[in-house]
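Visitor: For reference, the structure I am asking about is given below.
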Amino acid sequence: MEVCRAEGIRLPARTRVGLLVLVLWLGFFWRFAGLGKESIWLDEVTSLLIARMDLRSEVAWAAADIHPPLYYFALHGWLLSGETEFALRALSALLGVLAIVILYALARELFGPRVALLSSFLLALSPLHIWYSQEARMYAMVATISLLSSYFLLLSLRRGQTRYWLSYVLTATLALYTHYFMLFVLVFHNLFALYWLWRNNRLKSFWYQWFVAELAIALLFLPWAPVFYRQVTARGGGWVEKAIGRPSLRMLFDTWLSFNIGPDGKLYPVLLRRLAYILFGASIVAAIAKLFWGRELTDAKEELAHAYREGLLFCFLYSAVPLLVIWLFAQVTPMYAIRYLSPFLPAYYIIIANGIYALKWDWTRFAIVLFLALILLVGDCNAWRVEQRDDWRGISAYVLAQSKSGDVVLFSPRWNAKPFDYYAHGQVPINMELPIPVTGQAAKEVVADIAQRYTRVWLIWQHGHYSDPEGIVKQILDSQFQLMETLKFRGMMDVMLYDLKTVRTVGQ
């Protein structure tokens with residue numbers, strides 16, 4: 001599809017294949033590099049504990065939690081490869097690589113091979129996509145399956161073949177059973193389908209295929225619908241409500257920043273970070289400007305101009321509409337968290353690639369691609385070099401090395417016992433009695449019980465966590481017992497050891 005001058009220069013098939021293989025190698029390398037280097041964290045251990053269950057128990061757990069069960073089913077089978085950090089995360093890493101292939105296919109269908117190669121290249125180096133492709137959670141899985149469903153939707157509308165409609169229904173349903181934010185992808189699907197049917201005068205001939213497909217997705221999800229309704233109405237925003245709350249307009253802007261350079265801007269020198277924002281922003285402006293003032297479109301055949309506009313609308317609806325809808329819903333029920341937004345990232349890179357190819361001069365396009373690649377590589381290298389997750393490996397190793405008979409470990413919040421025990425393997429007693437949030441009375445009762453049964457207590461307190469932001473447990477222990485040592489670990493973790501047989505006196 002020669003919708004722009006740059007696409008008019010055809011790449012030989014062998015060259016395209018070679019470049020795609022190179023892109024996939026880059027994506028594979030960055031998703032598997034250091035995959036087991038950092039400590040496992042709370043949510044990943046939760047994934048492991050659920051995946052260890054039988055399938056019926058996994059369904060029961062998912063029904064009582066807030067996420068649907070498909071990822072846990074997949075991880076259940078994947079555990080045959082092991083339970084190390086590397087093995088647990090490898091499933092997400094492979095799904096992240098698969099997303100690069102699917103994005104290439106989608107972008108090629110929309111705009112041709114050059115835009116497809118550049119889009120997949122940017123996704124291969126995307127710090128945000130790499131981050132969630134290295135996490136033993138469902139985010140890489142839902143991003144990949146929802147991307148595949150979007151590709152099949154486009155093929156269904158353009159080809160009208162039953163096999164594509166069936167593939168669309170299947171992948172959309174699987175994505176729904178992976179994460180509920182697929183519902184917002186379906187909002188985009190239906191908006192684009194309605195536009196396409198109207199714009200191409202297919203309302204009479206195609207509307208029933210689209211309607212039957214959406215009805216089939218609803219019917220296939222119907223068995224889980226009561227669980228979904230109960231979770232949404234009973235749990236509210238969950239941890240998002242307590243830790244993040246209702247998103248501001250600034251959070252939408254911060255999401256755009258994260259789409260560009262990943263979740264941690266501190267991994268970049270300030271000038272490189274700002275240059276990335278300028279280049280990404282300029283590419284978006286160039287893609288939009290081509291719609292209205294691009295000579296290549298105004299001079300091209302109406303069919304080609306329409307194809308470009310339709311493709312760009314597809315990508316903007318895909319990346320922007322779900323974000324805005326989620327943001328609006330989150331004003332009522334907080335649900336806006338960057339980790340849930342990965343399904344909307346790939347289409348963003350198609351927009352960027354189009355903006356780069358909309359520029360007039362070859363040297364300008366080459367310079368922007370080169371600078372963006374170098375900037376993203378700086379972020380990827382620093383993310384690999386600088387450990388960022390909670391250091392549960394270090395915490396557990398230190399406590400086990402220093403612990404004695406009569407010790408117990410107390411956690412605030414209590415669920416942090418999970419990643420600790422992943423490494424400790426039950427070698428030291430753990431107390432799980434503190435409620436969430438912590439109350440003064442409950443903390444006093446737990447401390448009194450521990451003091452009767454143990455000689456020393458290790459308090460591992462996540463500083464600033466909403467369950468105990470004031471450190472109620474620490475205050476009680478400080479007022480009654482002798483603090484022997486305190487250490488700080490990565491992740492705002494304070495580790496303190498108290499001697500329960502040395503009682504503090506008034507004024508001490």
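The values are calculated or read from the model by the stated rules, or taken from the named source; none is laboratory data. Only a predicted model underlies this, so the values are computations on that prediction, with no experimental measurement involved. Neighbour counts are summed over all protein chains in view; Cβ atoms, including those assigned to glycine, are modelled from backbone coordinates with ideal geometry.
Visitor: Over 30 Å from ALA136 (Cβ atoms), touching a residue at least 60 places away in the same chain (Cβ under 8 Å), assigned to a strand (DSSP E or B) and not small (Gly, Ala, Ser): which single residue out of LEU483, LEU497 fits that description? Don't jump to the end; show me each part of the working.
Guide: On the way: LEU483 fails: touching a residue at least 60 places away in the same chain (Cβ under 8 Å).
That would be LEU497, the only listed residue that is over 30 Å from ALA136 (Cβ atoms), touching a residue at least 60 places away in the same chain (Cβ under 8 Å), assigned to a strand (DSSP E or B) and not small (Gly, Ala, Ser).
Visitor: Please count how many residues of region 43-59 are touching a Phe, Trp or Tyr at 6+ places or on another chain (Cβ under 6 Å) and surrounded by fewer than 18 Cβ atoms within 10 Å (Cβ to Cβ). Let's see the steps before the verdict.
Guide: To start, the set of residues in region 43-59 that are touching a Phe, Trp or Tyr at 6+ places or on another chain (Cβ under 6 Å) comprises 45, 50-51, 58.
With the extra rule that they be surrounded by fewer than 18 Cβ atoms within 10 Å (Cβ to Cβ), the set shrinks to none.
Result for region 43-59: 0.
Visitor: Can you tell me which residue within region 125-166, out of those that are among the charged types (D, E, K, R) and in a helix (DSSP H, G or I), is surrounded by the most Cβ atoms within 10 Å (Cβ to Cβ)? Don't jump to the end; show me each part of the working.
Guide: To start, the set of residues in region 125-166 that are among the charged types (D, E, K, R) comprises 135, 137, 158-159, 163.
Now drop any that are not in a helix (DSSP H, G or I), which leaves 158-159, 163.
Values: ARG158: 13, ARG159: 11, ARG163: 11.
Result: ARG158.
Visitor: Tell me the helices (runs of 4 or more DSSP H) entirely within region 336-413 that contain at least 1 residues that are touching a residue at least 40 places away in the same chain (Cβ under 8 Å) and closer than 30 Å to PRO322 by Cα.
Guide: Values: elements: 346-357, 362-385, 392-402.
Because the criterion is at least 1 residues that are touching a residue at least 40 places away in the same chain (Cβ under 8 Å) and closer than 30 Å to PRO322 by Cα, the helices (runs of 4 or more DSSP H) in region 336-413 that meet it are 346-357, 362-385.
Visitor: What residue, among those in region 175-199 that are surrounded by fewer than 19 Cβ atoms within 10 Å (Cβ to Cβ) and touching a residue at least 24 places away in the same chain (Cβ under 8 Å), is farthest from ALA93 (Cα to Cα)? Can you show your working first?
Guide: Of region 175-199, the ones surrounded by fewer than 19 Cβ atoms within 10 Å (Cβ to Cβ) are 183, 187, 190-191, 194-195, 197-199.
Keeping just the survivors that are touching a residue at least 24 places away in the same chain (Cβ under 8 Å) gives 187, 190-191, 195, 197, 199.
On the way: VAL187: 27, ASN190: 30, LEU191: 31, TYR195: 35, LEU197: 37, ARG199: 39 Å.
Here the residue is ARG199.
Visitor: Here is a further query. State the number of residues belonging to region 424-464 that are charged (D, E, K, R), in a helix (DSSP H, G or I) and either under 17 Å from SER403 (Cβ atoms) or not assigned by TED's automatic domain parsing to the domain that holds GLU485 (or both).
Guide: To start, the set of residues in region 424-464 that are charged (D, E, K, R) comprises 433, 444-445, 449, 453, 456.
After this cut, where a residue has to be in a helix (DSSP H, G or I) as well, the list is 444-445, 449, 453.
With the extra rule that they be either under 17 Å from SER403 (Cβ atoms) or not assigned by TED's automatic domain parsing to the domain that holds GLU485 (or both), the set shrinks to 453.
The total comes to 1.
Visitor: On to the next question. Looking only at region 418-443, which residues are of a type in the set (Gly, Ala, Ser) and without any contact (Cβ under 8 Å) to a residue 12 or more places away in the chain?
Guide: Initial filter on region 418-443 (of a type in the set (Gly, Ala, Ser)): 424, 426, 440, 442-443.
Within region 418-443, GLY426, ALA442 meet the criteria.
Visitor: Being more than 11 Å from PHE184 (Cα to Cα) and of a type in the set (A, V, I, L, M) is the filter here; which residues of region 318-331 pass it?
Guide: Within region 318-331, LEU328, ALA330 meet the criteria.
Visitor: If you scan region 30-85, which residues turn out to be among the aromatic types (Phe, Trp, Tyr), assigned to a helix (DSSP H, G or I) and either within 20 Å of ARG414 (Cβ to Cβ) or under 18 Å from the mean Cα position of the chain (by Cα) (or both)?
Guide: Start the filter on region 30-85 by keeping residues that are among the aromatic types (Phe, Trp, Tyr), which leaves 30, 32, 41, 61, 71-73, 78.
Now restrict to residues that are assigned to a helix (DSSP H, G or I): 30, 32, 61, 71-73, 78.
Residues satisfying the conditions are TRP30, PHE32, TRP61, TYR71, TYR72.
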